[in-house]
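Only one structure is covered here, and it is reproduced in the block below.
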Amino acid sequence: MAASQTPRLIGDRYEVVDFLGEGASSRTYLCIDTVRDERVAVKELRLENLDDWKSLELFEREGAVLARLDHPGIPKVHDYFRLSAESTSLFIVQDFLDGESLGDRIGSGLMLGRDEVRQITLDLLDILDYLHGRVPPVLHRDIKPSNIIIRPGGASLVDFGGVAHGWRTAEHDGHTVVGTFGYMPQEQLLGQAGPSSDLYALGATLLHVVTGQQPTQFSFDSGRIEVPANLPVDRSLARLIEALLRPAPRDRPQSAASARALLLDTSPVTPIQGQRSGQPATALAPRLTSAVTISHGPRFVDMSDPFRDPKGEYADVYSNLTNPLFPRRRLWSQGVHVIWALGFGMFSLLSLGTAPLVYASKIRRRRANYLGVFQTGDSTKGVIVSVDEGTLYATFKYEFSVAGQAYAGEMEYAQEMTQFWGVGDAVPVLYDPEDPRLNCFVYR
């Protein structure tokens, strides 16, 4: 719309100062609220330009949802109106956030400092924690650089035109795809979305920020965005980006709080021989060399309802649970496996045969501790919150919730499992429904 066509006054209250931009069926103006004497952004939806009524539904939802939100990183809605019953335009009046969009900052060629990127990430995770913490959760569904405003007081998230109130399945939005290709996850293409969908979009946005390349420019041959191993950021941010961009929603951090914990975790990741100094390692992606190749990893397993037979369908899962050093399916390379077995055998000889006895005792204790919860426990999803590496074993501490109550647990598995699991990773948890403090996590 040309500047000459811009109205001078909207609703006898909002004096138009500038034309900010437009989409297929909407325009946004910078206005002065003549009653409150402050600048506001006024978004207009023109009904005659609608291709279908879905745009009207989304516009009305944007106004209704934003009016109930109160967060410094989200523009506050002050008014939602139609000029008259005959009018073909609807308007949303909201805070005008004076700042530069992250998309414009990337396009300008001006570099962002590492501390600045980290702070922007924390700001956005705080906003998502607020949105997803509503009941039901509020989903943005279109996070990308152009919808993030950089301001002196912190980053803000704007353009809630694709907002959804509650978990979305294909039935909610029919065949309408909401989001931006490259930034939205695969499940959103199918009309499904949850909090982890917004987190994926944040990961794609961060990848764009730190590389200067749009997500669509990266290889997708493996069925996912292949994140470069040498991202020019610190290890924790590289680990977060990789975790957020996992294709399966259940494999991503399940909340903004979990993602924040992953970003703030500064525990060292010990590189194996052959890894280049300074190369960031991720929480799940194996750290590979030409000499040692990891062909498989632990698989997330959906446990059926009780009763579970330790010798039946989940025999391998039970074996992995009770035999922590030697999983049923070898997860690391043949070379590492041989070295591990030889080392354990040598240690057994040096200990005059006591090592196997000690390990056999450990297996018996684990069977005694976990058999009941394995057979009859309820299942849920937990998130690893810390990893403590040792010589033979690593201790994985995790959290999960039951009926809104948070619980914690810890498990010992082979130290080599740190190649696959890290802070923020989702794990399947079994717990005693009578006392959830009795719990464990398993894998296949």
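Any read-out appearing in this document is the output of simple, stated calculations on the displayed coordinates, not a laboratory observation. Being a predicted model, the structure only gives us computed values, none of them experimental. In this analysis, Cβ positions are derived from the backbone assuming ideal geometry, glycine residues included, and neighbour counts consider all displayed protein chains.
Things to note:
- By the count of other C-beta atoms within 10 Å, a proxy for reagent exposure, Phe307, Phe19 are ordered fewest to most as Phe307, Phe19.
- Sorting Tyr314, Tyr393 from the fewest to the most surrounding beta carbons within 10 angstrom yields Tyr393, Tyr314.
- Peptide packing for 101-110, 150-159 was compared via the average number of neighbouring C-beta atoms within 10 Å per residue; ordered from the highest value, the list is 150-159, 101-110.
- Averaged over residues, the count of other Cβ atoms within 10 Å places the peptides 76-83, 201-208, 317-324 in the sequence 201-208, 317-324, 76-83, highest first.
- Take the Cα of Glu22, step 7 Å toward its Cβ, do the same at Leu83, and the gap between the two points is 1.4 nm.
- Linear extension gain, Ala315 paired with Gln119, 0.36 nm per residue minus alpha-carbon span: 66.0 nm
- Which of Cys31, Cys440 has the fewest Cβ neighbours within 10 Å, and the rest in rising order: Cys440, Cys31
- Take 404-414, 420-430 and order them by the average number of nearby Cβ atoms within 10 Å per residue, most first; the result is 420-430, 404-414.
- Judged by the gyration tensor of its Cα atoms, with axes a ≥ b ≥ c, the range 3-95 is oblate; a/c meets the 1.5 cut and b/c is at least as large as a/b.
- The relative contact order of the range 365-421, computed from alpha carbon pairs under 8 Å that lie at least 6 residues apart in sequence, is 26 percent.
- Of the chymotrypsin sites (Phe, Trp or Tyr not before Pro) found in the range 191-264, those in coil by DSSP whose Cβ has at most 16 other Cβ atoms within 10 Å are Phe220.
- Other residues with beta-carbon under 13 Å from the beta-carbon of Asn369 carry, at +1 per Lys or Arg and -1 per Asp or Glu, a net charge of +3.
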